[in-house]
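**Student:** Dropping a structure here in structure tokens format, bear with me for questions.
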Amino acid sequence: MKIFFIGDIIGSPGRMAVRELLPALISKKKIDFVIANCENAAAGFGVTKKNMEELFSYHIDVLTSGNHIWNKKEVLEFIGDHERLLRPANYPSTTPGAGSVLVSLETGEYVGVLNLAGRIFMQPIDCPFVTAKNKIAELREKTKVIIVDMHAEATSEKKALGWYLDGEVSAVLGTHTHVQTADEEILSQGTAYISDAGMTGPFDSVIGITKEAIIERFLTQMPNKFDLAKDDIRMQGVIIDIDAESGKAKTIDRVSVKLKDS
């Protein structure tokens, strides 16, 4: 089973990249299942219902997110109605939406997806390690193919979770920092790992935002408007080839495809 995980989708440039580049990749690489992080899909911060519906129309099976999922307040009106739109599972149980989902394929196989958020340099929410163990036990009642989106700042926290879950899930994939790392590997017990799957959006930027706005913020330390960049649009992520019976990953490969004329 081949699963493609798309790194953080940034605004309209990121959505365009998915629309234009994903179909050919699915066909060429024979992808069976697609997951994407959408927490920045609405102008770089949050996600709207329209954004969600658009992304699902592009053959994405599950949308994960992170701390920015709440930036567009309208998400509170619909996140509870869409089981394939996830928020981190380690938010309090009273938080709207779900942090994991089990999806059945036409083949009769199941894929479990778990969304977690880190706590280092981020909100002090529930422990992602404890939450992961509890949610994975539920998912493994139906499948051994489980993909974890670990949305976190600290590489150490992501890597620690990878080792902690090694052999219990198919992949632990980092998101949030928007810079694709070159540390993809299969851990000793068969779990695929990467510290950050990358960014889908404009690369003539600082992690999706215009260079000028970010440089001004660093120089002045004053609040300013963050505008999305527009040029050098790419789709990044990873393809994991998984043995469906054992749930163990066989390979993990980085993907970075540029949109022509961008």
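The values are calculated or read from the model by the stated rules, or taken from the named source; none is laboratory data. What you see is a predicted model; the values in this text were computed from it and never measured. Quick reminder, even Gly has a Cβ in these numbers, built from the backbone with ideal geometry, and neighbours come from all protein chains shown. SASA here: full protein model, heavy atoms, side chains in, ligands and nucleic acids out. Shrake-Rupley method; radii C 1.70, N 1.55, O 1.52, S 1.80 Å.
**Student:** Accessible area per residue for the range 177-240 in Å², computed with a 1.4 Å probe and the full protein assembly in place, what is it?
**Tutor:** About 47 Å² of surface per residue is accessible.
**Student:** Could I ask something else about it? Which listed residue (190, 173, 235) has the Cα farthest towards the positive end of the charge dipole for the chain, taking +1 on Lys and Arg C-beta and -1 on Asp and Glu C-beta about the Cα centre?
**Tutor:** Result: 235.
**Student:** Based on alpha-carbon positions alone, could you give the equivalent ellipsoid semi-axes of the chain from the gyration tensor, as √(5λ), descending, whole Å?
**Tutor:** Equivalent-ellipsoid dimensions as semi-axes: 27, 21, 18 Å.
**Student:** Could I ask something else about it? Taking residue 50 as the anchor, which lysines have their alpha carbon closer than 21 Å to its alpha carbon, excluding any fewer than eight residues away along the same chain?
**Tutor:** Qualifying lysines at Cα under 21 Å: 72, 73, 230.
**Student:** What angle, in degrees between 0 and 90 and rounded to the nearest 10, separates the Cα long axis of helix 211-220 from the longest principal axis of the Cα atoms of the chain?
**Tutor:** Computed tilt is about 80 degrees.
**Student:** If DNA, RNA and ligands are ignored and the probe is 1.4 Å, what is the ranking of 218, 5 by accessible area, most exposed first?
**Tutor:** Sorted descending by solvent-accessible area, the residues read 218, 5.
**Student:** Mind running the shape call on the range 3-109? Use the C-alpha gyration tensor, a ≥ b ≥ c as the square roots of the eigenvalues: rounded below 1.5 for a/c, prolate if a/b tops b/c, oblate otherwise.
**Tutor:** oblate
**Student:** Please give the charge dipole size of the chain, origin at the Cα centre, charges +1 on K and R Cβ atoms and -1 on D and E Cβ atoms. Round to the nearest 20 debye.
**Tutor:** For the chain, the charge dipole is close to 140 debye.
**Student:** Provide 196, 32, 261 ordered by accessible surface of protein heavy atoms (probe 1.4 Å), highest first.
**Tutor:** From most exposed to least exposed: 261, 32, 196.
**Student:** For residue 20 and residue 142 in the same chain, what is the full-extension length gain: residue separation times 0.36 nm, less their Cα-Cα distance, in nm?
**Tutor:** 40.5 nm
**Student:** I'd like the accessible area for residue 135: 1.4 Å probe, protein heavy atoms, all chains in place, Å² to the nearest 10.
**Tutor:** Surface accessible to solvent at residue 135 totals approximately 60 Å².
**Student:** Protein chains only, probe 1.4 Å: how do 187, 219 rank by accessible area, largest first?
**Tutor:** The ranking, largest first, comes out as 219, 187.
**Student:** Which angle from 0 to 90°, rounded to the nearest 10, does the C-alpha axis of helix 11-29 make with the longest principal axis of the chain?
**Tutor:** Taking the Cα atoms of the chain, the angle to 11-29 is about 40 degrees.
**Student:** Determine the per residue accessible area of the range 1-123 with all protein chains present and a 1.4 angstrom probe, expressed in square angstrom.
**Tutor:** 41
**Student:** Let me ask another. What percent do you get for the relative contact order of the range 35-131 when only Cα pairs under 8 Å and 6+ apart count?
**Tutor:** For the range 35-131, the relative contact order is 22 percent.
**Student:** To continue, here is another question. For the range 1-158, give the percent of accessible area contributed by carbon and sulfur heavy atoms, probe 1.4 Å, rounded to a whole number.
**Tutor:** Summing carbon and sulfur atoms, their accessible area is 49 percent of the total for the range 1-158.
**Student:** Pull out a ≥ b ≥ c, the square roots of the eigenvalues of the alpha-carbon gyration tensor of the range 57-133, then state rounded if a/c is under 1.5, prolate if not and a/b is larger than b/c, and oblate in the remaining case.
**Tutor:** oblate
**Student:** While we're on this one: To the nearest 0.05, how large is the calculated FRET efficiency for residue 251 and residue 57 if R₀ is 35 Å and r is the Cβ-Cβ distance?
**Tutor:** The formula returns an efficiency of 0.75 here.
**Student:** Looking at the square roots a ≥ b ≥ c of the eigenvalues of the Cα gyration tensor of the range 154-262, which shape do they give, rounded for a/c under 1.5, prolate if a/b is larger than b/c, or oblate?
**Tutor:** The shape class here is oblate.
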